[in-house]
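See structure below.
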Amino acid sequence: MMMRKYSGIMLFFIAAMGSLHAQTVTTKLVPQRLPASFDRVKEALPDMSGRFVDSKMQITALASTDTTASFEIEEQGISIETVVDNEKEYTKLVAAAAKDVSKPSIHMLYSYTLKDKKLKVPPPRKTFFSPEYGVIWKVTIKRIAEKETELLLNYKSLTPTFAAKIESEFKSDTYYNNKIVKIAVNDQRMRHLINEVLINQMRVDKDFPAPTYPARN
């Protein structure tokens, strides 16, 4: 698959939801080019669900014309590295995710403060455990040439289930107020997964129809 180099521009988003109100940082990448026709890619994208080995994906078609189409992908993964309270660890995890497609697509740093400022001995910290994360992406494809299609991923939000899980965990803390202060999103993993399915499995770069396989449960 042909793709252009990263642009290095940083985009800033606001994730507004109670203790999840935070600055979200995601690396903007130059759109990748697939050596496949626009129609083949547009037809294949909704059928990717169920073909991912280590992830769950829900794909919804949003809109399309003769030259462009957009989809929403709900990515669900498992990792114990998504929510941390140590900035050095957070920075290290974010840097690793930029180079390793096996790392989760999202990392969050949270801060905590005592609810009762009069306590002389700090009470024990609550251990948060939320291994199942969820991210919603918008995928836009554009016809470039007869056998060339541009694909761009944009981060939209956390999935409602994942956001509600974090909120619930934070609210259940007896002694501390917790708040997400940074969210880092990286699309390396998703780009790799999409390429793996579209090119290596569904063979949208070939002229013959893509083989059909039963969806994985």
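The values are calculated or read from the model by the stated rules, or taken from the named source; none is laboratory data. Please read all numbers here as calculations on a predicted model, not as lab measurements. Ideal geometry is used to build each Cβ from the backbone, glycine not excepted, and the neighbour counts take in all protein chains shown. We work out accessible area using only protein heavy atoms, side chains counted, and drop any ligands, DNA or RNA first. Shrake-Rupley method; radii C 1.70, N 1.55, O 1.52, S 1.80 Å.
For the range 89-217, with all protein chains present and a 1.4 Å probe, just round the carbon and sulfur fraction of the accessible area to a whole percent. Please list the in-between numbers first.
On the way: 3840 of 7200 Å².
C and S fraction of accessible area: 53 percent.
The gain in end-to-end length when the Leu62 to Val181 segment is fully stretched comes to 39.7 nm, 0.36 nm per residue minus the alpha carbon separation.
If you take every residue apart from Thr113 with its C-beta less than 15 Å away from the C-beta of Thr113, what net charge results, scoring Lys and Arg +1 and Asp and Glu -1?
Details: positive: Lys115, Lys117, Lys118, Arg125, Lys126, Lys171, Lys179; negative: Asp85, Asp116, Asp173.
Every neighbour counted, the sum reads +4.
Every Cα-Cα pair in the range 87-217 was counted, and those over 20 Å apart are 62% of them. The share of C-alpha pairs in the range 45-131 whose separation exceeds 22 Å stands at 52 percent.
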